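Undergrad: Right, I'll just put the structure down here and ask away after.
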Amino acid sequence: MDKRISERKAVTGLETERIIRPGATIGVLGGGQLGRMMALAGSNLGYRFIALDPTTAAPCGQVAEQIVAAYSDKEAAKLLAKRSDVITYEFENVDAEVAALLAEQSYVPQGSRLLYTTQHRLREKKAVEAAGVRVAPYAEIGSEDELRAAIAKLGLPSVLKTATGGYDGKGQWVIRSEAEIAAAYAELSKADTELVLEQFIYFEKELSVIAARSPRGEIKTFPVAENIHVDNILHVSIVPARIAESIQRDAERLAARIAESMGAVGLLAVEMFLTKDGELFVNELAPRPHNSGHYTMEACNASQFEQHVRAICNLPLGDPSLRTPVVMVNILGEHIDKVELAMTTGQWHREMSNSEDQNGRKQPDERLAPGRQTGFAVIPKVHLYGKSGSAPKRKMGHINLLCEEVSDGLDWIKKTKIWRNQHS
C-alpha cells in the first residue's frame, strides 16, 4: 500500500476507512476558481493537486498541474485517475459516465450517488424531504397542461425550473400571471429535461450553511451566511447573519441532518429561505465548496476549502468557528477594472470635491481617497481568480471585508462606488 494512503477501522468496526495522508495527489474534476482555492488551501496541508479542465491555464491550472481536455474525454479521465490518489470535483454537473469511470479506476470518496441526486432538482427535493426537512411545495411538469394544473394548485407567482443544469438564475422563470404560462413552458422545455414548478416562497432572508462530513462520520457546520442576490447572482454574504440565534442553530442543525441523511462526504452547501414566521425552507443543495462560503477564508479558524480537503482525505475536521464578523462581496466583470485600480493605488473609497469643467462650471469630482479616511474599521482581503477574460456578470473574484460590525462592511461597499448599481 502507498505510504500516502493508510487504513483504519471505522468506529463500527464493520468497514475499513481510507485516510489520504499529506504528500498525496488530489485530482480535481474542474479547473475553475473553486478548484484554485481548494488547491491553495490544500497545498498548505502538504497535498499536491492536478486538475482536469478544457481551458488552457484555467484558474486552478495556474496554481496546480492541469490536464487540458474535455470533461467527457474518457482517456483524459483515466489519466487523471492514474495520477491521483483521491479525486474530488468542483462543480456538480459532471458527466455521469466519466464520474462512474473515475469511481472505478480511482478513489472518489464523494461517490456518485450524491452527484446523481443533486444534479436533478426533483431527486434533490425528495432527498431533502427524506431527511425530514421542508422544501417549497412543488410539482413535476411534463406538459403545458400539467403546468396549468399545477399553477391552479400552487398559485401565482410560482417558479418554473429545469430539473437539470441552470445556475445564477439561469434555467428558471418566475411566472406571475396566467398570460406567461405558455411562453415559460415553451422557453424552458427547450432544455430537453424534466421541469419542476415550485410555489413562490415570500422570504424575509436568504440563508446558507456549509456542512462538512468525513467518511468516518464526523460532521461540522460553518456559521450561517445571510445572502443578498442581485439579478440572481450572489452579491454579498453577511456573517453573522442578522437573524435570531435560535434560527441560526436551527439552520445549522438542518444542514447537518441533510448531510448525514444523504451520506455526504466533503462539503454540502445548503441554501434556504427564511420566512417572516421563522420557518426555514431548503431551496437548493451543492455538494462542493460554495460562493456563499468564501467568507470562511479569513473569517473562520478553518476555511471551507481546507475543510473540504480534510473531509475527502478523512482527516479530523478543522474548527469552523467564526473569528471576526465579515461581509463577502463578489467582484463581477463590470467591477474588475475599478477593483484592480484600487488594489494598485491602495485607495478604495471616493470623496467628493468641487472642480470646474471646461465651461467653468463647478462639478463634483470623484477622487480616490484612502480607506482610512472613511473611519470604518474594515480590512479588505482581495481574492482574484485569474480568469483570462472578463464579461458582465462573470465572477472574477471576491473581497472578504473583515470588520467589527457587519454594518461597517456594508457601508464600505457603498463608499467605494464600485458596486454603485447594486444594492445591499
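Undergrad: Across segment 294-303, in residue order, what do the Karplus-derived ³J(HN,Hα) couplings come to in whole Hz, using 6.51 cos²θ - 1.76 cosθ + 1.60 with θ = phi - 60° and x for Gly and Pro?
TA: Listing the rounded values in order: 5, 4, 5, 4, 10, 8, 10, 5, 9, 7 Hz.
Undergrad: Also, quick follow-up: If one puts a single equal scatterer on every Cα of segment 97-252 and applies the Debye formula without solvent, what log₁₀ I(q)/I(0) results at q = 0.18 Å⁻¹?
TA: Result of the Debye calculation: -1.25.
Undergrad: Right, next: Kindly flag which residue pairs out of K126/K393; K170/K393; K170/K190; K170/K395 have an alpha-carbon separation exceeding 20 Å in this structure.
TA: In this structure, K126/K393 lie more than 20 Å apart at Cα.
Undergrad: Run the numbers on the chain and let me know its relative contact order in percent, using alpha-carbon pairs under 8 Å that are six or more apart.
TA: This gives 13 percent for the chain.
Undergrad: Leaving ligands and nucleic acids out of the surface, order S72, S158, S143 by accessible area at 1.4 Å, largest first.
TA: Highest to lowest solvent-accessible surface, that is S72, S143, S158.
Undergrad: How big is the equivalent ellipsoid of segment 53-102 along its three axes, where each semi-axis is √(5λ) from the Cα gyration tensor, reported in whole Å from largest to smallest?
TA: Ellipsoid semi-axes (Å, largest first): 17, 12, 11.
Undergrad: Considering the dipole of the chain built from charges on the beta carbon (Lys and Arg +1, Asp and Glu -1) around the Cα centre, which of Y89, I175, S303 is farthest to its positive end?
TA: S303
Undergrad: Looking only at L101, L160, L267, which one moves most when the chain is put into a Gaussian network model with springs between Cα atoms under 10 Å?
TA: Answer for the Gaussian network model of the chain: L101.
Undergrad: How much net charge surrounds H308 when only other residues with a Cβ under 12 Å from its Cβ are counted (Lys, Arg +1; Asp, Glu -1)?
TA: +2
Undergrad: Still on this structure, please answer the following. Once a ≥ b ≥ c are taken as the square roots of the eigenvalues of the Cα gyration tensor of segment 32-140, is the result rounded (a/c under 1.5), prolate (a/b larger than b/c) or oblate (a/b not larger than b/c)?
TA: Taking the square roots of the gyration eigenvalues as a ≥ b ≥ c, segment 32-140 is prolate.
Undergrad: So what is the accessible area of segment 108-150 per residue, in Å², with the probe set to 1.4 Å?
TA: 46
Undergrad: Under 10 Å, Cα contacts only: if you run a Gaussian network model on the chain, which one of R21, R249, R83 comes out with the highest mean-square fluctuation?
TA: Its mean-square fluctuation being the largest, the pick is R249.
Undergrad: Between L29, L114, L147, where does the largest GNM mean-square fluctuation fall for the chain, given springs only between Cα atoms within less than 10 Å?
TA: L147
Undergrad: Treating only the Cβ of Lys, Arg, Asp and Glu as charged (+1, +1, -1, -1), what charge dipole size does the chain show about its Cα centre? Round to the nearest 20 debye.
TA: 980
Undergrad: Once you keep just the Cα pairs under 8 angstrom separated by 6 or more residues, what percentage relative contact order results for segment 100-240?
TA: Relative contact order comes out at 20 percent.
Undergrad: Still on this structure, I have one more. Can you list residues whose amide H is under 5 Å from E65's amide H, if they're 5+ apart or on another chain and H is modeled 1.01 Å from N?
TA: Long-range HN contacts for E65: F49, A51.
Undergrad: Give me the lysines in straight-line cross-link reach of K78: C-alpha distance below 30 Å, same-chain residues under 8 apart excluded.
TA: Within the straight-line limit of under 30 Å, K78 reaches these lysines: K3, K9, K387.
Undergrad: Please list, in order along segment 133-139, the HN-Hα scalar couplings obtained from phi with the Karplus expression 6.51 cos²θ - 1.76 cosθ + 1.60 (θ = phi - 60°), rounded to whole Hz, x for Gly and Pro.
TA: Whole-Hz 3J(HN,Hα) from phi for segment 133-139: 10, 7, 10, 4, x, 8, 8.
Undergrad: Taking the chain, how much of its Cα-Cα pair set, in percent, is spaced more than 43 angstrom apart?
TA: Percent of Cα pairs beyond 43 Å in the chain: 15.
Undergrad: Ignoring ligands and nucleic acids, what accessible area does E187 show with a 1.4 Å probe (Å², nearest 10)?
TA: 90
Undergrad: Which value, in debye to the nearest 20, describes the size of the charge dipole of segment 58-210 about its Cα centre when Lys and Arg Cβ atoms bear +1, Asp and Glu Cβ atoms bear -1, and nothing else is charged?
TA: 300
The values are calculated or read from the model by the stated rules, or taken from the named source; none is laboratory data. Please read all numbers here as calculations on a predicted model, not as lab measurements. All Cβ positions, even for glycine, are placed from backbone atoms using ideal geometry, and neighbour counts span all protein chains on display. Heavy atoms of the whole protein, side chains included, go into the accessibility calculation; ligands, DNA and RNA do not. Shrake-Rupley method; radii C 1.70, N 1.55, O 1.52, S 1.80 Å.
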